[in-house]
Amino acid sequence: MLKYVLLLLTFSLSTQSNMKEIYTFSAQTNVREWRIVNDGVMGGISKSSLKLTDAGHGQFSGHVSLANNGGFASVQLNTTIKLTEANKFIVLRVKGDGKRYEFRLKGNLSQYESYVHPFATTGEWETLRLAISEFYPQFRGSKMNSPNFNFKSIEQMTFLIANKQEEDFEILIDWIGLE
């Protein structure tokens, strides 16, 4: 039994050694680096905020409303992260509320489309590995007939909720990594 525990621990440590945190929330984080973009850009009335918890986690929370053709809330960070062929996954350390979210990437700030990877949360802290090759292009809620994400860098990262229902939401973000 001990042999299997050691083997599992070794495997766990070896898989984590390739992971590099590219954004970490902490007590020193300036949450104003992130920008709230809700459905108000198209007439909706959803509300959201990004705050720092006492424990130093990012807390993205609010209320999604379907009124006035609304239905989404998001928070995004403009950044420059160089990618190599060895980078295969975006890794998220989050604690959601059991709801579905999307993590979105842009390879270039000037592009209209975002590259989307949906994920579900369990209500517990979890580490999610999202394959970069599975981020598909989407514009205004419609999937596009274009190749999946294949850029040499990431210039924008976004957390978004848009479950086609009126709901309160809250997701805690510890860090975002690259593997």
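The values are calculated or read from the model by the stated rules, or taken from the named source; none is laboratory data. Since the model is a prediction, treat every value here as computed from it, not as a measurement. Cβ coordinates were reconstructed from backbone atoms using ideal geometry, including for glycine residues, and neighbour counts include every protein chain displayed. Accessible surface areas use protein heavy atoms only, side chains included; no ligands, DNA or RNA. Shrake-Rupley method; radii C 1.70, N 1.55, O 1.52, S 1.80 Å.
Charge dipole (Cα centre; +1 on Lys/Arg Cβ, -1 on Asp/Glu Cβ; no other charges) of the chain amounts to roughly 360 debye. The residues of the range 51-97 expose, per residue, 47 Å² of accessible area to a 1.4 Å probe.
Taken one residue at a time, the phi angles of the range 60-72 give Karplus couplings (6.51, -1.76, 1.60, θ = phi - 60°) of 9, 8, x, 9, 8, 10, 9, 4, 6, 6, x, x, 8 Hz. Gly and Pro are set to x. Using r as the Cβ-Cβ distance of Asn18 and Gln165, and R0 as 45 Å, what FRET efficiency do you calculate, to the nearest 0.05? According to the calculation, E is roughly 0.75. Over all other residues within a Cβ to Cβ distance under 12 Å of Ala131, the charged ones net out to 0, with Lys and Arg as +1 and Asp and Glu as -1. Just checking the listed ones, Ala86, Ala120, Ala162: in the Gaussian network model of the chain with Cα springs under 10 Å, the one fluctuating most is Ala86. Cα centroids of the range 135-179 and the range 34-61: 15 Å apart.
Derived scalar couplings between HN and Hα for the range 135-143 equal 6, 9, x, 9, 9, 6, x, 10, 5 Hz in order, rounded to whole Hz, by the Karplus curve 6.51 cos²θ - 1.76 cosθ + 1.60 (θ = phi - 60°), x for Gly and Pro.
A value for Cα extents along the principal axes in Å was derived from the coordinates, and within the list [x] 59, 37, 31; [y] 45, 35, 35; [z] 45, 33, 30 it appears as [x].
By how many degrees, between 0 and 90 and to the nearest 10, does the Cα long axis of helix 2-16 differ from the longest principal axis of the chain? Roughly 50 degrees, rounded to the nearest 10. Ellipticity at 222 nm from helices only: DSSP H runs of n ≥ 4 in the chain, each -39500 (n - 2.57), divided by the residue count, give -2500 deg cm²/dmol. Computed over neighbours whose Cβ is under 10 Å from that of Ala162, the net charge equals 0, Lys and Arg +1, Asp and Glu -1. Each other residue within a Cβ distance under 13 Å of Ala55 adds +1 if Lys or Arg and -1 if Asp or Glu, for a net charge of +1. Using a Gaussian network model of the chain in which every pair of alpha carbons under 10 angstrom is joined by a spring, one finds that among Pro118, Pro137, Pro147 the greatest mean-square fluctuation is at Pro147.
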